[in-house]
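The values are calculated or read from the model by the stated rules, or taken from the named source; none is laboratory data. Predicted model only: the values in this text are computed from it and were never measured. We place every Cβ from the backbone using ideal geometry, glycine too, and count neighbours over all the protein chains shown.
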Amino acid sequence: MEKNELISLINQKVSLYHNDTVSYYKFLHRHPELSFEEKNTSEYVEQHLNQWGIEHRSRIGGYGILACIKGRNPESRTIALRADMDALPITEQNNIDFKSQNEGIMHACGHDTHTASLLGVARIINELREHFEGTILFIFQPGEEKHPGGASLMLKDGIFDTYKPDLIIGQHAYVDYAVGTVGFESGVVMASADEVHIRIKGKGGHGAIPHEVNDTVLAASQVIVSMQQIVSRRSNPFKPCVLSFGKFIADGATNVIPDTVTLAGSLRCMDEEERSKLRPIIRDIAIHTASAYGCECEIDVYDGYPCTYNDETVTIQAKSFATEYLGKEKVLGLPKRMTSEDFGFFSQQYPSTFYRYGIKGDQLCTGLHTSTFLIDEDALRTSVGTMAYLAMRYCI
């Protein structure tokens, strides 16, 4: 099939089913579920896959689903497409008729749009399966927002035991880009993320007699200050990293120095070797700094998400295909980010690309993870059409 014919076919289907795709999005937005609790969401996805007669396997890594559509010569190549399904513990403040009905839970990161889009893509590709060669997989993934990450659990649960992808494509809503645009970048595009949990233990007591106690608050404060030297003096300046602490619990009083202080933070790196190097340094600094103040230190650095790596060959090709579909002016570069994504687990094992699509319309679009986050619904035309075209273009 010629590429112009494929573009025309996909655009016809995108327009034909756009209202349905919007309805998927609104249903999912109205019924958000937290990470690893996506029971109803997965049932909703399965309901549509069954309706369209699409082969699939469920309960992978929790509530994960892998759907499969075979074209001609299905053994020739395998492309996987991924969407995450979970929501966040945020109370929605939008005044809309499809506002979250689950108190304190909201789709504030666009995962409702990702899932709705992948449903739309599956529907289109299923109807066009005579027009491509190979096999296209659809990953509906739980638990992106919560450690250990649904991607890692799906991989451990053998998601690709039967069908092994030649490449994996993921997409994410992007508030900084206008509707109708997409952004691509090769290399490491998102940082790793490891959680750091520290407990400083000492001999608490009255604040009036600090010489008779081991001041855990002072020790914990110095631990945080000392940790910042890791970024400025111990890390490679050409390999960005961020070490931030957002939790400091000293449950004492104005005149009470507590026995224990708890700290929690995160280490983010744009290089896996740098990540491996810095983790033991964090441990050493915490233990020795606490010891200098007569305190003990217990520290855990939990393995989090790896860097998200966009394979250069796959990404250049995907960007070229997106340009064919959308036009050169609609395909942009993509800033690297110190935020993290468990898509990184896929990208560490399989050639992958993770791009973003614009969701900003005429109305103000607030940031991800905010209580007023909302997309322009026309963005679903781009998210569905682009992903469908990329998958099929690789397979013609």
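Annotations
- Restricted to the range 144-176, and to residues there that are surrounded by 22 or more Cβ atoms within 10 Å (Cβ to Cβ) and among the β-branched types (Val, Ile, Thr), the residue that is farthest from the chain's Cα centre (by Cα) is Ile159.
- Residues being closer than 17 Å to Ala193 by Cα and either among the aromatic types (Phe, Trp, Tyr) or outside the structural domain of Cys269 (by TED's automatic domain parsing) (or both) - total across the range 230-249: 1
- Number of positions in the range 56-88 that are within 17 Å of Asn126 (Cβ to Cβ) and not in a loop (DSSP other than H, G, I, E, B): 14
The rows are residues; the columns are (1) at pLDDT 95 or above; (2) of a type in the set (Val, Ile, Thr); (3) surrounded by fewer than 17 Cβ atoms within 10 Å (Cβ to Cβ).
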residue: Lys3; (1), (2), (3): no, no, yes
residue: Gln12; (1), (2), (3): yes, no, yes
residue: Leu28; (1), (2), (3): yes, no, no
residue: Thr41; (1), (2), (3): yes, yes, no
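- Take the conditions (1) more than 30 Å from Tyr177 (Cβ to Cβ); (2) surrounded by fewer than 16 Cβ atoms within 10 Å (Cβ to Cβ); Gly333 misses just one of them, which is (1).
- Scope the range 231-260; condition within 18 Å of Asp284 (Cα to Cα), buried (at least 18 other Cβ atoms within 10 Å of the Cβ) and either aliphatic (A, V, I, L, M) or touching a Pro at 6+ places or on another chain (Cβ under 6 Å) (or both); matching residues: Leu243
- Residues of the range 308-367 satisfying the condition of being in contact with a Pro (Cβ under 7 Å, 6 or more places away or on another chain) and acidic (Asp, Glu): Asp311
- Residue pairs meeting the criteria (Cβ under 8 Å; at least 6 apart or on separate chains; first in contact (Cβ under 8 Å) with a residue 40 or more places away in the chain and within 24 Å of Cys269 (Cα to Cα), in the range 303-325; second part of a strand (DSSP E or B) and charged (D, E, K, R)): Asp303/Asp194; Gly304/Asp194; Gly304/Glu195
- Scanning the range 185-195 for residues that are touching a helix residue (DSSP H, G or I) at 6+ places or on another chain (Cβ under 6 Å) and surrounded by fewer than 23 Cβ atoms within 10 Å (Cβ to Cβ) yields a single hit, Ser186.
- Boolean, Gly367 is assigned by TED's automatic domain parsing to the domain that holds Lys201, in a loop (DSSP other than H, G, I, E, B) and surrounded by fewer than 24 Cβ atoms within 10 Å (Cβ to Cβ): no
- Candidate set: the range 371-387, residues that are under 19 Å from the mean Cα position of the chain (by Cα) and under 10 Å from Val179 (Cα atoms); chosen: the one surrounded by the most Cβ atoms within 10 Å (Cβ to Cβ): Ser383
- Residues being closer than 17 Å to Thr313 by Cα and buried (at least 24 other Cβ atoms within 10 Å of the Cβ) - total across the range 345-364: 6
- Within the range 89-113, considering residues that are surrounded by 22 or more Cβ atoms within 10 Å (Cβ to Cβ) and of a type in the set (A, V, I, L, M), the one nearest to Tyr63 (Cα to Cα): Met106
- Residues being part of a loop (DSSP other than H, G, I, E, B), touching a Ser or Thr at 6+ places or on another chain (Cβ under 8 Å) and among the acidic types (Asp, Glu) - total across the range 126-176: 3
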